[in-house]
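Report on the structure given below.
The values are calculated or read from the model by the stated rules, or taken from the named source; none is laboratory data. Owing to the predicted nature of the structure, the values given are computational and were not obtained by experimental measurement. FYI the Cβ positions are ideal-geometry reconstructions off the backbone, even for glycines, and counts take in every protein chain you see. Each accessible area value is taken on the protein alone, full model and side chains, heavy atoms only, with ligands, DNA and RNA left out. Shrake-Rupley method; radii C 1.70, N 1.55, O 1.52, S 1.80 Å.
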Amino acid sequence: MSVQQPNDNYLYQEVLVSPMYLAGIGGTSDPSLEPVAHWPHHELNDGPCQLVITSPDHRIRIGWYGDDFEVWRITAAEEATSATRWTATFNQNTPPEIVVGLTTALARDYAESNIYDGNGRFLANPSIYWADAVRPLIDAGWTRDGGAASGTVEIVAPDGQAGVLIDNRRYRHGEEAVTLWAGPRGWGTRAEAVFSARTPSHLIAATAATMVDPPPVVRERYQIHREVAHLVSVTPVTPSAPQVPRAPTPLDVRRTAVTQAVQRAARFPRTAADLRVMAARSRTSASALNPSGSPAPPLAARPSASASTPRRSR
């Protein structure tokens, strides 16, 4: 006896997935780059990086790698040609709705910075308190895991399916310091956002905030990994009801006829028939302005046929 396979209509059905951090990367839409859509774009033909978006002064760089293990790589530097100050990467299982938390904060920080002074909150030193980087998670009831290794702190979501690992040892500035994660361990299931040691705490917090009680996100059924399917809530997207066109009223019909007649008359010299059409249009406009039935103000004196273009001889 063969097992019935789901049909294509079922697999490609759009559904609302919650919690968002287990929804995967998707593919139907990608809001991650929308906050910086007005920044310069550089499309690359060679190499794994397919697109680079930079701030106008090139101090912030956002690389999109498409099919690679690390889909997004975001960096910031004090000057366009100086060494990278901090780096954030997001892997191929990370929902773009999480990445948009960082790109939104970067766009705001850059807009508030002064290009000529070389400043910007996106270059601020991280807080000396590790909790500042994950404050939204703590405030939402995520709790500390006592089993974390020495020198590290791990905060876990109430469902146990997401968390953040903070490495307080920070041997070198370029080393990984904070890792936001979601999903079961595995190359195809675990989402990871990794921040280097000098990443400003408020940027990490802005990214973490997207994981706290967000609205469900739209995915197609086949985009949900089979090992995650039992951990998420899925609701079919209800298609909006088609709008039935309204039947035209007698006034609509009359207005349409008058409009068409006026358009035809405009293409030819004005004759007595044209003037009658103009008069009809005036009566229709007057009735529209006086819906209560009160008498319309007297129309301007109508020109006689002799006042128009001389009648053509037959």
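Computed quantities for the displayed model
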quantity	calculated
Gain upon complete extension [V237, A124; 0.36 nm per residue less C-alpha separation]	36.5 nm
The stretch 60-104, accessible surface, carbon-and-sulfur percent (1.4 angstrom probe)	46 percent
Carbon plus sulfur fraction of accessible area for the stretch 121-192, probe 1.4 Å, in percent	49 percent
Separation in nanometres of the label points that stand 7 Å from Cα toward Cβ, at S18 and I115	4.3 nm
Segments 89-96, 139-146 sorted - mean Cβ within 10 Å per residue, highest first	89-96, 139-146
Solvent exposure of the stretch 26-116 as accessible area per residue, Å², 1.4 Å probe	47 Å²
For peptides 103-111, 19-27, sequence by mean Cβ density within 10 Å, most packed first	19-27, 103-111
Inter-site label distance for D30 and E70 at 7 Å from Cα along Cβ, in nm	1.7 nm
